[in-house]
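The structure under discussion appears below in the form of structure tokens.
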Amino acid sequence: MTEKDIPKVDFAIIGGSGTWAGEFPEATGFKGVRVLQKDMEYETPFGTTQPMKWLELSADLTPDRKPRQLLTVPFHGYHGLTPYDNPSEQIFWVFQKAGVKTVIAEGSGGGINPLLDPGDIVIPHDFIDFTKRPMNIRFFTKNIVRAVNPTCSYLRSLFYEKAQAEYRRVFPRGVYAVAEAPRFETASEIRFFADAHCDICGQTMVPEAYLARAIGACYASAYLVSNYAEGVEDPNWKGSSIFDRYRDSADRIGRVTLGVIAAFDRSRQNCRCGEYIIEIPDTVNNRISG
Ligand SMILES: [Zn+2]
């Protein structure tokens with residue numbers, strides 16, 4: 001499929017390991033979601049996307065009483081276990097053409113903060129990017145992308161509200177250490193992340209967070225703590241499979257993401273995300289590009 005086949009939608013959900021174990025949205029049991037189209041693979045300048053789905057939430061769920069449409073892609077758009085071939089750039093190219101203004105994502109991560117347990121949910125307010133990936137921001141915007149407050153305060157408040165209905169412990173803030181895929185971290189790396197005041201580590205929050213800002217969209221994400229990070233002491237944990245956590249969580253975190261999109265109320269949106277992108281005057285742009 002090509003650019004002309006991209007529907008105009010305001011919203012997108014990036015699926016992650018939280019919904020790895022179940023077909024999204026079919027397996028969530030969420031009432032009022034309809035699949036309009038699936039298997040939508042788009043040709044982009046970065047390669048072909050994973051198959052996306054085009055969903056609609058029924059009018060009785062939304063604050064404006066209008067049906068709400070969104071695009072979704074599983075497992076961050078990856079074509080395997082690693083972000084080979086710029087999958088985030090592929091899906092954000094589609095989101096930008098679709099006119100998406102709200103992007104949410106879910107995933108899982110290792111708990112660095114010793115107060116976290118597997119099964120908890122963390123909604124990060126910030127990240128530190130420890131990856132060595134190239135930042136393809138310039139492809140999406142000529143403006144300067146600030147990374148202050150990278151997640152939307154309004155979306156985080158919706159995530160907090162919806163996640164509390166499904167999970168026992170939900171943390172509405174935390175710093176996410178973005179590590180390089182695909183291997184997990186050494187215990188020394190985790191100690192280093194802890195010294196840098198990181199609470200949870202994973203491999204996906206970047207580049208999603210800053211590409212969302214580059215296309216002018218609000219972004220927030222929520223992560224299931226799937227395991228203790230390496231070296232974080234836990235005398236009771238016997239190294240049970242993180243896949244057990246995924247199986248236990250896929251329908252619940254899927255309902256959380258759909259609930260956030262359904263509840264989104266533009267008249268109550270009080271975030272400042274739009275202020276964190278700085279327009280470069282044409283006179284300066286012309287000198288830079290000339
Ligand atoms: Zn925002």
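Bear in mind these aren't lab numbers, they're just calculated from the coordinates by the rules spelled out. Please read all numbers here as calculations on a predicted model, not as lab measurements. When we count neighbours, we look across all protein chains shown, and the Cβ atoms used for this are built from the backbone with ideal geometry, even at glycine.
In table form, for the structure just shown:
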read-out	value
At R0 = 30 Å, FRET efficiency that the Cβ-Cβ distance of LYS4 and ASP248 yields, to 0.05	0.15
Gyration tensor verdict on region 114-161 (Cα atoms; rounded if a/c is under 1.5, prolate if a/b is larger than b/c, oblate otherwise)	oblate
Scaled radius of gyration (Cα, divided by 2.2 N^0.38 Å) that the chain gives	0.97
For a label point 7 Å along the Cα-to-beta-carbon line of ARG272, residues of region 162-181 with backbone N under 19 Å	173-174
Pair PHE192, ASP60: separation of 7 Å Cα→Cβ label points (nm)	5.4
Per-residue [θ]222 nm for the chain (sum of -39500 (n - 2.57) over DSSP H runs n ≥ 4, rounded to 500)	-8000 deg cm²/dmol
Cα→Cβ-extended label distance, 7 Å offset, between LYS38 and THR82, nm	3.0
Cα gyration tensor category, rounded, prolate or oblate, for region 158-280 with a/c compared to 1.5	oblate
Reachable lysines from LYS66, criterion Cα separation under 28 angstrom, eight or more residues apart if same chain	LYS4, LYS8, LYS31, LYS38, LYS53, LYS97, LYS101, LYS162
Mean separation of Cα contacts under 8 Å (6+ apart) over length of region 181-290, as relative contact order %	30
Normalised contact order of the chain, rounded percent, pairs of Cα under 8 Å and 6 or more residues apart	27
Neighbourhood charge, 11 Å Cβ-Cβ cut-off, centred on SER289 and excluding it, Lys, Arg +1 and Asp, Glu -1	+2
Sparse-neighbourhood loop sites, trypsin sites (Lys or Arg not before Pro) in region 112-154 - DSSP loop, at most 11 other Cβ within 10 angstrom	LYS132
Least to most buried among TYR276, TYR219, TYR84 (fewest other Cβ within 10 Å first)	TYR84, TYR276, TYR219
Residues ASP5, ASP39 arranged by fewest to most Cβ contacts within 10 Å	ASP39, ASP5
Fewest-first ranking of ILE277, ILE253, ILE14, using other Cβ atoms within 10 Å as the exposure measure	ILE277, ILE14, ILE253
Net charge of neighbours whose Cβ lies under 14 Å from the Cβ of LEU57, counting Lys and Arg as +1 and Asp and Glu as -1	+3
